[in-house]
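One structure is given below, encoded as structure tokens.
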Amino acid sequence: MRLKIQKKYRGAFFLAIFFWLVSCATTQKPNQNFSPVYVTNRVTYTLLSPDHIEAPLDMAQQISGVYGGKEMLLDAWVQADRGGISIALINSFGVSMGDLSFTGDAVSFSSSMFPPSLKAEYVVADFQFCFYRIDALVSALRGLSLVVEIRDSMDGSVEVRRIFDQKKLIIEIEKKPGEVRYTNLLRGYTYTLRGDFS
């Protein structure tokens, strides 16, 4: 039997599959409000406090990505500051597709469109790698034997963050005005965020 997906929900469906595939390696530890994130197959990252955000965000974003040859497109409203992260996912008709929240003590995701197995911790970790202060990320990832490298263009308009497992590049993030491109070379997915990041 073939599953038929309405065109307007295809982006959300592929996004759900993407997050489900990325999250399937996670196991819940007792007495924790959120699960660790497997940055590699052996290294787990514990989400950092919202205190480490680089700058507050309160903005619309367009999310486009590719995983396993499948493309997805979705809109989001993102609010993030030292109090936490809140992401509302919406489709092109303005209908809610899900809400994610991270307070530093707990992470939650609610949606009728996404499977319960979706681990919001992976979304939050990717967000932190993109938008948290580099000094906080260097400190946290160095403790996991991962190396963070940062490079700026000559005019300062483009910042590139790279995360290495020993000498192997596993994550690359390119930040420029109006656009952030995230590539996970280890897991084989990439997505681009577009918005006013100034």
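The values are calculated or read from the model by the stated rules, or taken from the named source; none is laboratory data. This structure is a prediction, so every number in the text was calculated from the model and none was measured. As a convention, Cβ positions derive from the backbone with ideal geometry for all residues, glycine included, and neighbour counts pool all protein chains shown. Areas reflect the complete protein model, heavy atoms only, side chains present, ligands, DNA and RNA absent. Shrake-Rupley method; radii C 1.70, N 1.55, O 1.52, S 1.80 Å.
So that you can scan it fast, the table gives a plain yes or no per residue for (1) out of contact with any Asp or Glu (no Cβ under 8 Å at 6 or more places or on another chain); (2) modelled with pLDDT under 80; (3) of a type outside the set (A, V, I, L, M):
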position	(1), (2), (3)
TYR9	yes, yes, yes
GLN32	yes, yes, yes
GLY68	yes, yes, yes
LEU74	yes, no, no
GLY84	yes, no, yes
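For segment 156-175, how many residues meet the condition of being β-branched (Val, Ile, Thr) and more than 16 Å from ARG142 (Cβ to Cβ)? So that I can check it myself, show each step before the final result.
First, the residues of segment 156-175 that are β-branched (Val, Ile, Thr): 158, 160, 163, 170-171, 173.
Next, from what is left, pick out any that are more than 16 Å from ARG142 (Cβ to Cβ): 158, 160, 173.
Of the residues in that region, 3 qualify.
If I go through segment 50-61 residue by residue, how many of them are over 16 Å from the mean Cα position of the chain (by Cα) and in a loop (DSSP other than H, G, I, E, B)?
Within segment 50-61, residues that are over 16 Å from the mean Cα position of the chain (by Cα) and in a loop (DSSP other than H, G, I, E, B) number 2.
Can you tell me which condition GLY104 does not meet? The list is (1) at pLDDT below 90; (2) more than 24 Å from ARG194 (Cα to Cα), and all the others hold.
If we test GLY104 against (1) at pLDDT below 90; (2) more than 24 Å from ARG194 (Cα to Cα), just (1) comes out false.
So LEU186 ticks every box in (1) in contact with an Asp or Glu (Cβ under 7 Å, 6 or more places away or on another chain); (2) in contact (Cβ under 8 Å) with a residue 24 or more places away in the chain; (3) of a type in the set (A, V, I, L, M, F, W, C); (4) open to solvent by 50 Å² or more (accessible area, probe 1.4 Å) but one. Which box is left unticked?
It fails just one condition, (1).
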